[in-house]
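All remarks here apply to the structure that follows.
Each reported figure results from applying straightforward, stated rules to the coordinates on display, with no laboratory input. In this text the structure is predicted, and so the values were computed from the model without any measurement. Methodologically, a virtual Cβ is constructed for each residue, glycine included, from the backbone with ideal geometry; neighbour enumeration extends over all protein chains shown.
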Amino acid sequence: MALLEVKNLDVRFAVRGGDLKAIRGISFSLDKGERLGLVGESGAGKSVAAFSILNLIARPGYIAGGEILFEGRNLAAMSERELRKIRGDRIAMIFQDPMMTLNPVLTVGTQMVEALKAHRRISTANARKIALERLKQVQIPSPEKRLDQYPHELSGGMRQRVIIAIALLLDPEIIIADEPTTALDVTIQAEIMALLLELCEQHNVALMLITHDLGVVSQVSQRMLVMYAGRVIEQGPTKEIINDAQHPYTQGLINALPQMGEPGRRLFQIPGSMPSLNRIPTGCPFNPRCQFANDHCREVMPEYVRSGNVDVACHEVAALIEKEKQLQEEQP
Amino acid sequence: MSTATLSRWSRFRESFLWYSFKRDKIAIVSFVVFVLIVAAGVFAPLLAPADPYDLTQINIMNSELPPMWLDGGDPQFPLGTDAQGRDLLSTILYGTRVSLLIGFGAVLLQSLLGILFGLLAGYLGGRVDALLMRVADVQLSFSTLMVAIIVGAVFKASFGNLMFGEIAIYMLILIIGVAEWPQIARTVRASVLAEKKKEYVDAAKVMGFRTNRIMFRHILPNTLSPIFVIGTVQIANAIISEAALSFLGLGMPETQPSLGSLIKSGFDYIQSGSWWITLIPGLVLVVLVLVINLLGDWLRDVMNPRLYKG
Amino acid sequence: MKRFLTALVSCAALSTLASAPAFAADANKSLKMAYDADPVTLDIHEQLSGGTLQLSHMVFDPLIRWTKDLEFEPRLAKSWERVDDNTMRFTLREGVKFHSGNTLTTEDVKFTYERLKKSQDFKAIFKPFTELRVIDDTTFELVTAEPYPLVLNAATYIFPMDKAFYTGKDDNGDDKAAISKQGSTFASRNQSGTGPFKVTSRQQGVKVEFERFDGYWDKESPGNVGKITLTPIKENNTRVSALLSGGVDFIAPVPPTDLDRIKRDPKTDLVTMSGTRIILLDLNQKRVEAFKDARVRQAVAYAVNQEGIAAKIMKGFATPAAQLSPEGYQGHVDSLKPRFDVEKAKKLMKEAGYEDGFTVTMMTPNNRYVNDDKIAQAVAAMLSRINIKVDLKTLPKAQYWPEFDARAADIMMIGWHADTEDSANFYEFLTMCPNADTGAGQYNAGNYCNPELDALVEKANVETDLDKRAEMLQQVEQALYDDAAFVPLHWQDLAWASKKTVKIEPILNVMNFPYMGDLVIED
Amino acid sequence: MLAFLVQRIGQAMLVMFVISVIAFSIQDGLGDPLQQMVGQSVSAAERVKLRDDLGLNDSIVVQYARFAGKAVQGDLGTSYFYGEPTLDVIMEHLPATLELVIAASLMIAFLSVPIGVYAAIKPRAWLSKFFMGVSTVGISIPVFLTAIVLIQLFSIGVTVDWFPDDTGWGQWLNGALSTNGGMPSYGRGDDLTHLFGTWYSGFFSENGLLHLLLPAVSLASIMLPLFIRLIRAEMMEVLQSDYIRYAQAKGLAPRRIHFLHALKNTMLPVITVGGVQLGIMVAYTILTETVFQWPGVGLMFLEAITRSDIPLIVAYLMVVGLVFVITNTVVDLIYGLVNPTVKLTGKKA
C-alpha cells in the first residue's frame, strides 16, 4: 500500500461570485523514499495541490472532495488537532521564498527548537543539540553562530539551508518542497537541489517536488505528474515521459526547453496561455491551445488511458492506442 | 463625453475599488449614511426648521423642552430645545456642518504634516530624524489646549480679538491640526523604519528613483493600515476637542455652537433631567464616527496591497 | 442720641443669649465635607475671600458675628457701647483660651488689629479707623477719624490671634507675623486661635483635617462634631455624586442643575437661601455713543427678562433684581421691581432715534459666576429682539479679568458681594465716578458718573444715625434705577446639601460662613 | 548605547529650553496671576506695588533671564498658588497620575491584546463584530460622559423599574440591572502606603485600589478602542504572511502561532503608537482627574491654568517635554529590541 495516496482530490475557492474549482479531481500516489515531481505552468494548481495535502490552503480555499490517505488515514477528513501532529513531524514542507518563510523577529534557534518541542517531549538544550547537528548536515558555514542569529542576518541560500534543516528535524516520511530553489540565484539553485536530493536519499525520505522547471524534474524525480488547469493530464515514470511524452501539452513543454531547440533558432512556444480559474473551457481544458483538438475534444473531458506505464488524459492518444491494439489483434 | 472622461469613468467602473464596493453591504450602507450626514450639514439652512444662529428667534422661556414624542414636548421643536431655547434639530444640523469641517480639516492637516514628517524622519534618519522627533516632543507637550492659547494670543496681538467670530473655524482647523500631527508622524516613522529594510526599496533606489518618489509611491502605501486607524480616531477627537477650545474663548463663538460644544454644554444637564441635550447630538456623533470608521476599514482593506483580496 | 443707640444694641445682645440651648454635648461625631476649593493658606489675613473667612470661623472666633437675620451676636466681645461719635468701647469675655494654651487679652486684639491694618486685602475695610486703644485686660476702644456707622460691621472681621504664638522669628529667620502673598510664611502653615476646631493635618488641594479644641470657651454650643475632613472637589457633578454615593456628608456649593436631583434623593437634605451677591451688566458709555442716552439704557433694561433668566437658566436658584442692595440691606427699596417690557423697550429705542439698532460687543467670564456664559447668551438673544446685535465672547476668569480692567468690550458682566454687608460698598466700587487715585468706582465698567449721587454716598458714610443713613442710601438706589446706570440681573442664591442626619440648617447664613462649631449630627 | 542615551539627554535639555521660551512668551495670554491672589476690594495702586514685588512689571526678557538663571541650578521658580517650589509641587502630584496611567495601561494591555487578536483571527465571529462596534462607539464618547455614567452606575447606584415588578422575570430583570453603588467616586482614599520620596501608593490597600478602579477604567476607555483597532488591523496583515503559514506547516499550536509568531510582529507599530499615547496619557489626564478629583498633575495643571499660576505652568510644560522625550526614547529602545531588523544605535538614532 503506497505511503501517500491521493484519490480524485477536489479543491475549491469560495469566492463571492460562486465557487472556483482550483483542483478538479486529481489522483496520484507516493511510495516510501520515492521522489515525485509535480510540473506545470504557474496557475496550474501545483502549489494548491501541495498545500492541500496538509490542509494548509488559506481561506477561502477548502477541500471539496476526494481522499488523502497517509499510512491508511484520510488527512482530508482529519481534525485540525490530529492533523497538527502530522504536520512538521511526519510530513514537512519547504516554501518557495526563504526571505519570507522565517519569522523576521525570532532567532533561527528559536524557530528550530520550537518545531522539535511541538512534537517531542525534549528539553531545550537537547533540542538545540539536534538543531545544531542538522545545521551541520546542511553544510551551513559556522553553524554554532547561526542559532542565535536573526533571519535577516543570513543570505538567501543559507536561509533555505536552515529551512531544509528544519524539515529534516523530525525525520519526516515525506517532504513537500514547493519550488524550493526558484527564489535563489542560479549558482546556489543547483547546490541546494543537490543537497536536498542527497539528504532525502540518505534518510530515505519521500520527496514531492513542485516546480515549473522540467530540467530539475528530469534529473531529480523518479515519477512525475504534469498538471494543467487543475487536472493531471499525464503521470508516470519520469524517464518514459521525458523521452516519449504522449500528451501534446507535455510535448510542448519539453520542446520549449532550450536544450531541445537547435542553437540560433527561435524557441518553440505553446500558443495561448493558461486559462484563469473562472474561465476554464469545456471538454479537455487544453483544447484551445492544442493543434490536434477536434470537436470531440471540445465537448468531452478525456478519461485516463494507460500507455506503457504512463496514464494520459487525451482523446487523440486514446484513439492511437485503440488503433494499435486493433492492429495487434489483426496480426496473428 | 470625450473619450478621456469615458475612459476614466469606465476605468473606475472596472477598477477593483468599485467591484469590491458593490459587493460589500456594510460599505454601501455606511457610505449612504455618511453622504446623508454631510448633506444634512451642507444643506442645514434649507432643512433646519429654525436658524439657531439668529438670536432673535431664540426665546429663553422655551428652554430645555423635551423632544416632541415625550410629554411636555412641543411639535415646533421636533427634538426639543437646548438650555438656551434653541431648536435642537436645527442646532444639530448647523453644528454638524461646523464639526465636520473641523473634524476632517484638522485630520487632513494632521495627516499631511504627520506623513510628511514621519516619512522624512524614518527614511532619512540621522540628524533630520532626531530634529523632527524632538520637534514632535515639543509639540506633544503643548497639547491642543496650549497650542490654542498660543495661536489665540498671537492672533489677538496681530488682529485684535473682535474679528474672531468669522474665521474661528479656520483657526480651529489650524490649531487642532498643528497640535496633533506627532501621533501620525511617529507611527509613519515606525513603519518606514521597518519597510526601509525591504528589497523593493533597494530595487527602487537601483532604478534611480528620486527620494520622494520612493517615499511616497513605494513606502507610503505600505504604512496605510495604522494611518487609517489613527486617522479615523482623530476625527472624533478633533470634534470633541473643538468644544474644549470654545470653553477657552478660542473656539466657535458661544452663539454658534458646534456638535462638540452642544454635547459639552449638555453635560451639566445630563443627570438633572434634560438628557437629550447631550445624548441626541452625542448619538449623531457616534453614528458619524461609526460610519467613518467602517468606511476607513473598508478603504484600508481595499487599498492595502498586502491584505487578501476578494 | 447716644442713649438710644446703646439701648438698641444691648437689647439685640440679650435676645440672642436667651435663645442658645444650654447643654454641652460630648463631641464624638466625625464629618466628611466637600467644598469646591480648599483654603489657600492658614493665614487668615493673607487673602480676603469666602474660603478664608469660612476657615476663620472654624479655627478662630470673631469679636462679633452676624446672625441668620443680619443682626449682631456677641462672641469674644461680651458687650459694647458707643462712647462718642468717633469711639466704640468693647468689653472682652474672660477665661477664653487659645489653642496654644495662652489666655485671650486685649493685647491679642490690638496685635490682630495692627496686622489687619498691614494686610493688603483687609486694610481697605479698616481705613476709617485711626487706632485701637487698650484700656485694661478686658476693655478696649476702637477710634475712627470721623463718625463711622459701620464700626460693628468691621468688628465682625476681627478674629483675635494669639499674639505670643505669632511673635518672634521662625526657624528660617523670618518674622512669624509676616504676611506674604507669594511663598510660605510661618502664619500660612501654623495656627493658634480661639475657635472650635484645630487644624491637625493639611495637604494643599487634597484634604484638610480638623479636630475639636477641647478647651473651647463656648460651653453652650450644641455642636457635637469631634473630627472634620474637608476635601476640595472642583467639579460640580463629582461633588454632588460624592454626596449621593455617601462618600461625603455635606457639600457646598450645589449647582442649580442638580437641585431637584438632591431634592428627589431620600437620604439627603437641600438648604437654599437668597444670597447677597448681585450679578449685573455694565453698558460702557465711553465706548458706545448710544449708551450715553438714558433712554437707550432704559430700553436695554426693559429688554432684559430677569424673571425668565432666574426661572429658566438659574432654575429658580436666583432672586431677580432691579437694584444693587439685596433685601435686609439699608439701601434696599422694596418698590423697585424688574421692568421687562419689549414693546416699551422698542418705543424708547425709537424715541432715542436708534430704531434700527446698532452692534455692540459683549464679554463675560464663563467659569466665575453661576451660569455666567449661559446668562450672557440669553441676554444677547433678548437684546437682538430690539435690534441690538451682540457679538458675544466668553472667557475663563483668568483671561477675563485683564480684559475687564482694560474695559475691552461694550457690555461687560460683573458680580459683587459687599464685604461690609452694607449698600454703600456697592456704590463706592460700582457706580461712583471712576477716580484712579481715590480708588472710587474701581469696577465701574459703565463709566457712569453722577457727582450728586457720589456726594450723597459720601454723606451717608459719615451718618451714624442708621435711619437717616438708610433713607439717603435708598435715595441713591432710586436715582440709579431711574437713570438705568447699569442692568441688574439677579442675586445669586446659596445652596448647601447634606445627609439627613447632619443638621446644617441652623448653622447656615446669608454670608455663607457656616458656623461649624455649633453643628449637630444625629445618629 | 551610551552615546545614544547621552545624545538623547542633550536633546531633552534642548526640548525643555525651547518649551520654556515658548511658554514664557505667551505669558499674558495665560491671564493675570495677581487677580487670583488679591481680594476684590484691593485698590489699583496696591496692585501695582504687588506686581512690582512679584517682578511682573519687568519686561519679558528680564523675567526670562531671571528664570533661566535659576533654572540652570534646578530651581524652576515658586508657584504663586502653592507657595512652594514648582518642582516640589509637581513631584507631589506626579505619583498620583503615574499610578492612574499604570493602572489604565495594564487594563489596556490585558484587554486590547486578546480582543484585538481574537477579532483578527475570527473577523466574522459575532463577538468580534460586537467588540469592534463597542470600540467604535467608545472612540466617539467623550471621557467626560463615560466617567459620569460610571459614577452614576457604580457609585450612586441605579434602581431600574422599567419592567413590571409583579412578574417573576420582571423582578429578576429589575434586580439584575439595578446597582446599589458604593464604589468611591473621588480622591485616592485615605489608605495610601508610602513607597519613597513623595510616592504614596494606592496599589497596596483595598481602599486605595477601589478608589483607583473607576478613574482607571474611564482613562483606559479613551485608549482601549484605538489599541483594539490597531492590533486587529496589524494582526490581520501579519496573518497573511508566509512565515505564519510556515509556522502552521511546522505543526505548531495555534496559541503559539498567534501569541508569539504573529503578535510579536503585530506589536511593532502598536508599540510606537502606544509609546506616544502613553506619553499623552501621562501629560493629559486632565479630564479624568477633574471628574474624579484625582490629585494628579492633570488636575494641578488645569488649576494652574485657571489661576494662571505661570511659574507652575512653565515648569509643568518643561517636565512634560522631558516625559515625552523619555517615553519616546524608551519606545525607540523597545522597538530596537523587538524588531531586530532595525539597528538601535548608530546612524538611525
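Just a few scattered comments:
- Estimated translational D of segment C:73-222 in µm²/s (Stokes, Kirkwood radius over Cα pairs; 20 °C; 1.002 mPa s): 128
- Debye equation applied to the C-alpha atoms of chain D, log10 I(q)/I(0) at 0.09, 0.12, 0.13 Å⁻¹: -0.68, -1.05, -1.16
- Reachable lysines from residue C:181, criterion Cα separation under 16 angstrom, eight or more residues apart if same chain: C:117, C:118, C:123, D:49
- Average Cα contact separation per residue, segment C:274-493, under 8 Å, 6 or more apart, as relative contact order %: 36
- Each peptide among B:168-178, B:62-72 gets the average number of other Cβ atoms lying within 10 Å of its residues, and from highest to lowest they stand as B:168-178, B:62-72.
- Per-residue HN-Hα couplings for segment D:90-100 [Karplus 6.51, -1.76, 1.60; θ = phi - 60°; Hz; x = Gly/Pro]: 5, 5, 5, 8, 4, x, 4, 5, 4, 5, 4
- Here the Debye sum runs over all C-alpha atoms of segment D:1-65 as equal scatterers in vacuum, and log10 of I(q)/I(0) at q = 0.20 Å⁻¹ comes out as -0.86.
- Once the Cα atoms are used to define both axes, helix D:60-72 deviates from the longest principal axis of chain D by about 70 degrees.
- Taking every lysine pair in chain B that is 8 or more places apart or spans two chains, those with Cα atoms closer than 29 Å amount to 9.
- Average silhouette area of segment C:69-124, convex hull of alpha-carbon atoms, in square nanometres: 5.8
- In this calculation the C-beta distance from residue B:39 to residue D:28 is compared with R0 = 35 Å, giving a FRET efficiency of 0.20.
- Computed E for residue A:155/residue A:73 - FRET, C-beta separation, R0 35 angstrom, nearest 0.05: 0.35
- For the peptide C:303-312, the mean number of other protein chain Cβ atoms found within 10 angstrom of a residue's Cβ is 2.
- Mean sequence separation of contacting Cα pairs (under 8 Å, at least six apart), scaled by the length of chain D, corresponds to a relative contact order of 26 percent.
- Counting every alpha-carbon pair across chain B, the share separated by more than 38 Å comes to 26%.
- Helix D:126-140 axis versus longest C-alpha principal axis of chain D: approximately 10°, rounded to the nearest ten.
- Computed over chain C, Kirkwood Rh from alpha-carbon pairs, angstrom: 24.6
- For the residues of C:386-396, the average number of beta carbons from a partner chain within 10 Å of their own beta carbon is 4.
- Residue (of D:271, D:249, D:211) at the positive-pole extreme of chain D, dipole from beta-carbon charges: D:249
- Lys/Arg +1, Asp/Glu -1 at C-beta; chain A dipole; positive extreme among A:273, A:302, A:192: A:192
- Dimensionless Rg/Rh of segment B:188-275 - Kirkwood Rh, Rg from C-alpha atoms: 1.33
- Label sites at residue D:176 and residue D:162, each approximated as a point 7 angstrom past Cα along Cα to Cβ, lie 1.3 nm apart.
- Between the alpha-carbon centres of segment B:56-102 and segment C:504-523 there is a gap of 42 Å.
- Long pairs among C:207/C:263; C:337/C:397; C:397/C:499; C:29/C:267; C:292/C:346; A:32/A:129, criterion Cα-Cα beyond 24 Å: C:207/C:263; C:337/C:397; C:397/C:499; A:32/A:129
- Cα shape, segment D:118-179, gyration tensor, a/c 1.5 rule: oblate
- D_trans [Stokes-Einstein, Kirkwood Rh over alpha-carbon pairs] for segment A:229-317, 10 °C, 1.306 mPa s, µm² s⁻¹: 113
- The Rg/Rh ratio of the protein assembly as shown, with both radii computed over alpha carbons and Rh defined as the Kirkwood radius, is 1.10.
- Amide H contacts under 5 Å for residue C:177: C:168, restricted to partners 5 or more places along the chain or on a different chain, H placed in the peptide plane at 1.01 Å from N.
- In degrees, nearest ten, helix C:50-59 long axis to first principal axis of chain C (Cα): 20
- For segment C:274-493, the normalised intensity computed at q = 0.07, 0.09, 0.19 Å⁻¹ comes to -0.19, -0.32, -1.55 (log10 of I(q)/I(0), Debye sum over alpha carbons, equal scatterers, no solvent).
- With contributions of -39500 (n - 2.57) from each DSSP H run of at least four residues, the per-residue ellipticity at 222 nm computed over the protein assembly as shown stands at -15000 deg cm²/dmol.
- Cα pair distances of chain A binned at 10 Å [whole percent]: 5, 23, 31, 24, 11, 4, 1, 0
- Residue by residue along C:116-128, Cβ atoms of other protein chains within 10 Å of the local Cβ number 3 on average.
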